[in-house]
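Comments concern the structure below.
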Amino acid sequence: MALKGLDIFKLTPKTNCKDCGNATCMAFSMKVAQGAIELAKCPHLSEEALATLGDATAPPMAKITLGADDSLVLGGETVLFRHDKTFVSKNLYAVSVCAGCYDEKITAIEKVDYDRLGERMYVEMLNIIYDPGKPGASDKESYIELVKKAASKNRGLILDCKDADVAKEVLEVCAATKPLLNGADASNYEAMNKLAVEFGVALGVSGDNLDELYDTASALEKLGNKNLVLDVGCVSVKDAFEGAVQIRRGALKDGNRTFGYPSIVNVGKLAPGNKYMQTALASLFTLKYGSIIIMEEMTFPQALPLYGLRQNIFTDPQKPMKVEPGIYPLNGADENSICVTTVDFALTYFVVSGELERSGVPMNLLISDAGGYSVLTAWAAGKLSASSLAKFFKEFDVETKIKNRTLVIPGKVAVLKGEIEESLPGWKVIVAPGEAIEAVKFFKEKF
């Protein structure tokens with residue numbers, strides 16, 4: 001059970017310091033209880049107090065880091081539903097590779113690498129399969145070579161290997177990349193735990209059912225290992241979904257620390273050979289609640305909706321998604337093309353820019369800082385005005401970069417036309433239609 005501020009205060013030294021950015025230790029204790037500050041920020045807490053309070057004040061789901069630079073973060077969640085507060089760590093997408101398919105899949109994976117709203121969208125992890133009993137799979141020697149090749153791609157690695165002897169040899173060549181060793185179960189958890197601890201890597205745990213998974217995770221905790229990731233299983237979609245939900249609920253609602261770890265789900269095993277079903281399942285487990293989602297492949301038609309969904313879900317609901325202010329040439333626009341402006345609210349940008357591109361008319365789309373609001377909200381809040389546009393033109397040196405003096409403004413703020421013409425002498429201001437769907441016809445006929 002998480003401690004309250006008063007419980008934490010009883011164990012803190014009674015000083016009136018400002019070392020932690022707080023006026024009193026009571027204020028610090030309340031912030032710790034609310035999750036607004038880390039317990040270790042207080043320089044006066046003894047090791048005994050830190051040990052006593054550490055587990056009680058930690059998130060109900062452990063925070064696990066992967067990758068050579070700890071850039072891949074899982075867990076740390078505190079709520080079941082995004083609208084309650086916010087989700088902490090976005091799920092990661094992985095693609096399974098083996099010796100017979102590596103080159104082909106890597107070529108496809110590397111094509112999925114683009115920027116959306118300042119976030120890089122790419123396949124973060126490679127799931128490297130060791131299953132010598134299947135055609136085209138890796139034997140020990142080829143598996144080790146495959147891991148070496150995959151390690152050079154600067155992506156997180158998942159070692160899908162239940163053979164402790166093979167896993168040891170593989171870890172000797174890739175431990176520096178901090179892979180996830182996904183191979184512990186009821187039959188081998190002691191040997192796999194020894195390897196995970198020796199090489200300092202996270203350990204993936206699986207079971208034939210939730211009871212077996214729980215017992216194995218509990219046994220690993222008794223061995224002192226709390227750097228775990230729980231595999232929800234691949235018997236059926238129903239069982240995997242139930243497992244993902246029960247694990248998350250057990251940790252966050254029931255306070256069961258043994259289930260308080262990130263989860264991994266292999267949709268490639270749930271729908272082998274069916275990329276459409278895998279994409280649908282990946283979207284399901286993006287919502288409920290796969291920390292790592294493994295697919296057989298990743299192409300642009302799969303990536304675009306998945307990454308868009310993930311970005312929406314793992315963005316703070318109280319902070320609107322914004323497009324970086326700037327000049328965005330569309331349809332091959334140059335300095336002689338017209339200018340069109342709208343707000344930086346991401347949804348507005350994607351809807352409007354899509355229609356503008358469909359028109360085929362070369363134009364420079366000007367995105368100013370409107371606080372992440374929609375057009376009317378930004379106008380009502382004073383974020384979209386003649387003065388704000390004039391400021392944007394000055395900051396981005398628009399008049400030097402663009403020779404054309406035609407500016408098209410959103411139809412819903414037609415009232416600004418006169419004020420903008422006064423603020424931008426020499427510019428011809430045209431009012432666009434009120435709805436984005438009318439933009440294609442408007443621009444084709446007008447320009």
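The values are calculated or read from the model by the stated rules, or taken from the named source; none is laboratory data. Predicted model, so just to flag it, every value in this text is computed and none were measured. Reconstructed Cβ throughout: ideal geometry from the backbone, glycine too, with neighbour counts over all protein chains shown. SASA here: full protein model, heavy atoms, side chains in, ligands and nucleic acids out. Shrake-Rupley method; radii C 1.70, N 1.55, O 1.52, S 1.80 Å.
Data table
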{"quantity": "Odd one out for GLU324 among (1) under 16 Å from MET121 (Cβ atoms); (2) in contact with a strand residue (DSSP E or B) (Cβ under 6 Å, 6 or more places away or on another chain); (3) of a type in the set (Asp, Glu)", "calculated": "(2)"}
{"quantity": "Filtered residue count, region 205-253, keeping only those that are assigned to a helix (DSSP H, G or I), out of contact with any Gly (no Cβ under 6 Å at 6 or more places or on another chain) and of a type outside the set (A, V, I, L, M)", "calculated": "14"}
{"quantity": "Selection from region 385-396 of residues that are hydrophobic (A, V, I, L, M, F, W, C) and not in a helix (DSSP H, G or I)", "calculated": "PHE396"}
{"quantity": "Test: ALA186 is under 22 Å from LEU223 (Cα atoms), of a type in the set (A, V, I, L, M, F, W, C) and part of a loop (DSSP other than H, G, I, E, B)", "calculated": "yes"}
{"quantity": "Complete set of residues in region 327-375 that are open to solvent by 40 Å² or more (accessible area, probe 1.4 Å), modelled with pLDDT under 95 and hydrophobic (A, V, I, L, M, F, W, C)", "calculated": "PHE345, LEU347, PHE350, VAL351"}
{"quantity": "Qualifying residue in region 243-265 (condition: open to solvent by 70 Å² or more (accessible area, probe 1.4 Å) and among the hydrophobic types (A, V, I, L, M, F, W, C))", "calculated": "no"}
{"quantity": "Enumeration of residues in region 325-355 that are of a type in the set (A, V, I, L, M) and either touching a Ser or Thr at 6+ places or on another chain (Cβ under 8 Å) or closer than 18 Å to ARG116 by Cα (or both)", "calculated": "ILE327, LEU330, ILE338, VAL343, ALA346, LEU347, VAL351, VAL352"}
{"quantity": "Hey, LEU304 in contact with a Ser or Thr (Cβ under 7 Å, 6 or more places away or on another chain) and surrounded by fewer than 20 Cβ atoms within 10 Å (Cβ to Cβ) or not", "calculated": "no"}
{"quantity": "Those helices (runs of 4 or more DSSP H) lying entirely in region 398-447 with at least 3 residues within 37 Å of the chain's Cα centre (by Cα), surrounded by fewer than 16 Cβ atoms within 10 Å (Cβ to Cβ) and not β-branched (Val, Ile, Thr)", "calculated": "none"}
{"quantity": "Count of region 121-132 residues which are open to solvent by less than 50 Å² (accessible area, probe 1.4 Å), touching a helix residue (DSSP H, G or I) at 6+ places or on another chain (Cβ under 9 Å), not in a strand (DSSP E or B) and not hydroxyl-bearing (Ser, Thr, Tyr)", "calculated": "1"}
{"quantity": "Candidates GLU324, GLU335, GLU357 - the one that is in contact (Cβ under 8 Å) with a residue 40 or more places away in the chain, among the acidic types (Asp, Glu) and over 16 Å from LEU407 (Cα atoms)", "calculated": "GLU324"}
{"quantity": "Which numbered condition LEU159 misses (of (1) in contact with a helix residue (DSSP H, G or I) (Cβ under 7 Å, 6 or more places away or on another chain); (2) open to solvent by 50 Å² or more (accessible area, probe 1.4 Å))", "calculated": "(2)"}
{"quantity": "Test: residue in region 99-120 that is in a strand (DSSP E or B), touching a residue at least 24 places away in the same chain (Cβ under 8 Å), open to solvent by less than 30 Å² (accessible area, probe 1.4 Å) and out of contact with any helix residue (DSSP H, G or I) (no Cβ under 7 Å at 6 or more places or on another chain)", "calculated": "no"}
{"quantity": "Every pair of residues 6+ apart whose Cβ atoms lie under 7 Å, when the first sits in region 268-282 and is among the polar types (S, T, N, Q) while the second is exposed (fewer than 14 other Cβ atoms within 10 Å of the Cβ)", "calculated": "none"}
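Yes/no matrix, rows are residues, columns are (1) open to solvent by 10 Å² or more (accessible area, probe 1.4 Å); (2) out of contact with any helix residue (DSSP H, G or I) (no Cβ under 9 Å at 6 or more places or on another chain):
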{"site": "VAL205", "(1), (2)": "no, no"}
{"site": "ASP211", "(1), (2)": "yes, yes"}
{"site": "LYS222", "(1), (2)": "yes, yes"}
{"site": "ASP231", "(1), (2)": "yes, no"}
{"site": "SER236", "(1), (2)": "yes, no"}
{"site": "ASP239", "(1), (2)": "yes, no"}
